Each structure stands twice: as structure tokens, then as C-alpha cells.
Amino acid sequence: MFDKNFLWGTASSSYQIEGAFTEDGKGVSIWDTFSNKPGNIAHNENGNEACDHYHRYREDIALMKSLSIQAYRFSISWTRIFPDGIVKDSDGNVHFNQAGLDFYDNIVNCCLENGIEPFITLYHWDLPQALEDNGGWLNRQTAYIFADYAEFICEHFSDRVVNIATINEPQIISGLGYMNGLHAPGKKLDCISVLSVIHHLALAHGLAVTRMRAVAKQPIKTGFSSTGDLCFPASECDEDIDAARAESFKIVTGNMTFNHTIFCDMTCLGRYPDIVGTGLHLEKGLEKIGHYKELPFVKDGDSELMHQPIDFLGINVYNGHEVSVTGHIKKKPGSPRTALGWPVTPGVMNYGIRYMYERYNLPIYIFEDGLACNDIISLDGKVHDSNRIDFLTRYLTDLEKAYKAGVPILGYFHWSFTDNFEWHSGYDPRFGLVFVDYETQQRIPKDSAYWYSDLIRQSCN
Ligand code: NOJ
């Protein structure tokens, strides 16, 4: 079992649940633009209404409380508070949208009234469109504006909120947003440009950490959420364990963004990626680069700015690869997959997480984990998601092994509380513990919600 002080939460993000996309002075984000363009999202769906959390947050948080959920990880929509992204005018005066700020004050206060610990994520992909029009994450200036935004949020909320994470999944922002164009802003750029996006995100993170600590009203805890390929060994023999570790941190040519290595090494170890040693020079456009510092966007001192002490590493983990000393183990035909086609591989929660701790030596939160299903309401009016209960039992059993082996895992946030807008896949894949009927916005806790609630209550006794 996990200790009593282990934190059990659920996670969400602004664009995926809030809706109310033009309400109360909110500005346009890149996801508003992207998902309202025909052809970008499955069935041409969008997040304009989503789960209407903007109007139903009280009901949602009350439901969390009734299910004994201890922490709520949510993100702030930058454009609700700063409609065009800009925080300070040229004279240094701050202009913000009061209604947007009020919304997040209400969320935070509602969590606290219900005994739920709020965890803020500053940036979960919904960049202000006005900043994108100015180059988005390709523009170094965006990192400095992000730091202004982080400072403002921290100064305002840190009297009540201790945990404020900077950026969610820089790997997906750069890979799907700027490399293969599946996500907003839908760009398909060359490798040097994509590396510049990662670089500016790492800079944004480091600058934000420094600025937040300077204004925090109580010592905050900060970090970010990382995702990427992680491996686990086919057996407990040392050779397999070492092989899976080595594979976990490989930068794979052709899929160079989907690893923890580049972003976490830069921000947690102060180490730039090794262009030649990792094979990055095989990427088109990088052949002539000998060292990362030769890239045009790198400035002296950047490494120090991005490498700031942080308090935790958030890991978003859904699956991994089984590896033996002879290489990757091929999946057997018909082996279990989620509604998104992702393999079900609980072993990643044990060894994958151990490898992350060995390399980065930081306390860990599992900031996301969960199963996409095509859940349905049965004739009895309930949602019987036994697959999700089975998935969570397997994944948490393996996570417990890492925990018992001494990895300081502080908590687990299930993705997600309610079903929501799954980016370019739209609303078909359902990740929630709570079913959302998008016609009526009715919430129906699934069997897994009651199961998770029991688990939390047992862990606390
Ligand atoms: C990671 C992302 O942070 C979240 O937004 C997404 O919905 C889940 N993974 C599932 O794909």
C-alpha cells in the first residue's frame, strides 16, 4: 500500500473541459483557432462548449469531494486573464481581465472549501493566438512573456496555492504542434525550428521558476510535466534492466521530440542534448551541426537560465516498451490496446519511473495516467467500465513496486476526472472517471469512480 500522505488526485486542462470559449472577455487561443478549422479534428468537433466546466465547476468539484478525491490538477487558460497574451505594456503596467481571474479564484476557493488541494498548471497548450501570430514558441520573446504571466499568477494565487507547475508536455507541444502539425498551431517545420521550440519552452520554464520564487507569498513547489517513451525490462536480470534503461533515454531519429531526455536534461541537469552521440545529426537539417551550442537560437547563458532548482518532476505516463538485452519485444497479435490504440503495459509504472528517478533525482508526481475507452451508458443507466478498473489495478500495482523500492512518488493524478475533448481525436475517446453526456452535460460517475474513491478511502485508513 501507499502511505497515508500519498496524494490521490485527478487532472484536467482548461481547453479540454471549460468551454465558454468567448465568454467574459476571454481572448482567442491557438486551440480555438485550430479546432474551429474544418478538417483538423475528428468529426470537426471543437472545445467551444466541451464539458462546460466554466459554468459547472462547483458541481464538478463537489462531485470530486463526494468521491474523496484529495487534489485537483487543472490548468489556467492564459487568454482568460490576458486576452492577447501580453501581461505588461511598454511602461511595465499590468493589464488583466478581471472576469478571467475571478473564474480561477472561484475554482481555487471552491477546491479549498471542499478540502481539495489545487495544483495549477500554467500552460497546457492553449497559447494566446496573438502570441502565435508573432511566432509563438519559435519566438524567444514568448518565453519572457510567459515568465511575466507566471509571475502574475504566482503573486496572485500563492497565498492559497502551493503547487504551481509551469508547462505540460513540452514534447507534445513541439512534436505535434510544430513538427507533424496534428495539434495547434498545426505547423510542420524542420528539425532546427522544432528544437528552437523545445529550447524556448525550456527557457520559459526556467525564467518562470525564477520569477515565481521571487514573488511567492509562501514557498511554492514547482516543476513541470514531462512525457515520452519509457521502457521496462522483460525480466529482472541485470542485462535486461540495463538495456531498458538505455532505451528509455534514447533520442530516436524520426521521432526526436518524444523523449524525456532533451527537455529534462536541459532543465533538470543543465545538459544540452548530444547532437552527434545520440544520432540527432541524422535528422534532416542537423547533419552539419557538431554541438548543440552551434544552433542559431542558442545564446550564452541560456543553459543556466533554464536549469533552475525545482521541487518535483511530473510524469505523464500511459504506456511503454518492453525491452530485453536483445532489443524491443514485439507485441503479440491481439494484445490489449486502448481506444486510442495505445498498448496496455503496466510494467512502465515500475521500471520506467525508477529510471526517471535514478536520472533526475527529483520527487515524482504521476501527473497523468489513464485509459481511453468508448464507454457507454448501459440499460441500467450506469457506466460499467470494468476495463478501466482492471487497467488501474494493474498500473497502480506496478507503481507500488517502484514506490516500495524507494522512489519518492508523492502522488497520483488520474487522467481525467470527467470525459473531455481529446485534442485532434475529439470526443470519442473517453478518459474520465465520470461520464459526460455532451447533449445534456449530465455527469454520471462510472464504476471506476466508485472504485477509485474506495481505493483512496482505504489508503487513508
Ligand atoms: C496528455 C495530455 O496532457 C492530455 O491533455 C491528454 O488528454 C492526455 N495525455 C491523453 O492523451
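The values are calculated or read from the model by the stated rules, or taken from the named source; none is laboratory data. Because the structure is a prediction, the values reported are computed rather than measured. Don't worry about glycine lacking a Cβ; one is built from the backbone with ideal geometry, like all the others, and counts go over all protein chains shown.
The residue list Gly100, Gly85, Gly115 contains one member that is of a type outside the set (Lys, Arg), in a loop (DSSP other than H, G, I, E, B) and either out of contact with any helix residue (DSSP H, G or I) (no Cβ under 7 Å at 6 or more places or on another chain) or over 28 Å from Phe6 (Cβ atoms) (or both), which is Gly85.
Once the stretch 138-167 is narrowed to residues that are touching a Gly at 6+ places or on another chain (Cβ under 8 Å) and in contact (Cβ under 8 Å) with a residue 24 or more places away in the chain, the residue that is nearest to the ligand (Cβ to nearest atom) is Ala165.
Being surrounded by fewer than 20 Cβ atoms within 10 Å (Cβ to Cβ), part of a loop (DSSP other than H, G, I, E, B) and of a type in the set (Ser, Thr, Tyr) is the filter here, so list the residues in the stretch 402-426 that pass it. None - no residue of the stretch 402-426 is surrounded by fewer than 20 Cβ atoms within 10 Å (Cβ to Cβ), part of a loop (DSSP other than H, G, I, E, B) and of a type in the set (Ser, Thr, Tyr), so the list stays empty. Of all the criteria given as (1) aromatic (Phe, Trp, Tyr); (2) away from the ligand (no atom under 16 Å from the Cβ); (3) surrounded by 18 or more Cβ atoms within 10 Å (Cβ to Cβ), the one not satisfied by Tyr450 is (3).
Take the conditions (1) of a type outside the set (Gly, Ala, Ser); (2) within 16 Å of the ligand (Cβ to nearest atom); (3) within 23 Å of Ala20 (Cα to Cα); (4) touching a helix residue (DSSP H, G or I) at 6+ places or on another chain (Cβ under 9 Å); Tyr412 misses just one of them, which is (3).
Quick check on the stretch 27-44. Is at least one of its residues farther than 17 Å from His424 by Cβ and either within 16 Å of the ligand (Cβ to nearest atom) or surrounded by 15 or more Cβ atoms within 10 Å (Cβ to Cβ) (or both)? There is at least one residue in the stretch 27-44 that is farther than 17 Å from His424 by Cβ and either within 16 Å of the ligand (Cβ to nearest atom) or surrounded by 15 or more Cβ atoms within 10 Å (Cβ to Cβ) (or both). Taken over the stretch 427-447, the criterion of being crowded, with 17+ Cβ neighbours inside 10 Å, within 16 Å of the ligand (Cβ to nearest atom) and assigned to a loop (DSSP other than H, G, I, E, B) is satisfied by Tyr427, Pro429, Phe431, Gly432, Leu433. Residues considered: Phe435, Phe367. Of these, the only one that is more than 20 Å from Ala71 (Cβ to Cβ) and not small (Gly, Ala, Ser) is Phe435.
Tallying residues that are under 15 Å from Leu101 (Cα atoms) and either crowded, with 24+ Cβ neighbours inside 10 Å or within 19 Å of the chain's Cα centre (by Cα) (or both) within the stretch 151-177 yields 3.
Here's the yes/no breakdown for (1) closer than 21 Å to Thr222 by Cβ; (2) basic (Lys, Arg); (3) surrounded by fewer than 20 Cβ atoms within 10 Å (Cβ to Cβ):
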site	(1), (2), (3)
Lys65	no, yes, yes
Phe82	yes, no, no
His95	no, no, yes
Gln98	no, no, yes
Gly115	no, no, yes
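Any residue that is at negative phi, loosely packed, with under 14 Cβ neighbours inside 10 Å, in a loop (DSSP other than H, G, I, E, B) and touching a residue at least 60 places away in the same chain (Cβ under 8 Å) - is there at least one of those in the stretch 4-17? Checked against the condition, which is being at negative phi, loosely packed, with under 14 Cβ neighbours inside 10 Å, in a loop (DSSP other than H, G, I, E, B) and touching a residue at least 60 places away in the same chain (Cβ under 8 Å), the stretch 4-17 yields at least one hit. Screening Ser90 against (1) surrounded by 18 or more Cβ atoms within 10 Å (Cβ to Cβ); (2) part of a loop (DSSP other than H, G, I, E, B); (3) among the hydroxyl-bearing types (Ser, Thr, Tyr) leaves a single unmet condition, (1).
Give the stretch 269-280 a look and list any residue that's surrounded by 15 or more Cβ atoms within 10 Å (Cβ to Cβ) and at pLDDT 90 or above, or say none. Selection gives Arg271, Tyr272, Pro273, Asp274, Ile275, Leu280.
If only residues of the stretch 237-264 that are within 20 Å of Ile409 (Cβ to Cβ) and assigned to a loop (DSSP other than H, G, I, E, B) are counted, the one that is nearest to the ligand (Cβ to nearest atom) is His260.
Of everything in the stretch 309-351 that is among the polar types (S, T, N, Q) and in contact with a Ser or Thr (Cβ under 6 Å, 6 or more places away or on another chain), the residue that is surrounded by the most Cβ atoms within 10 Å (Cβ to Cβ) is Asn316.
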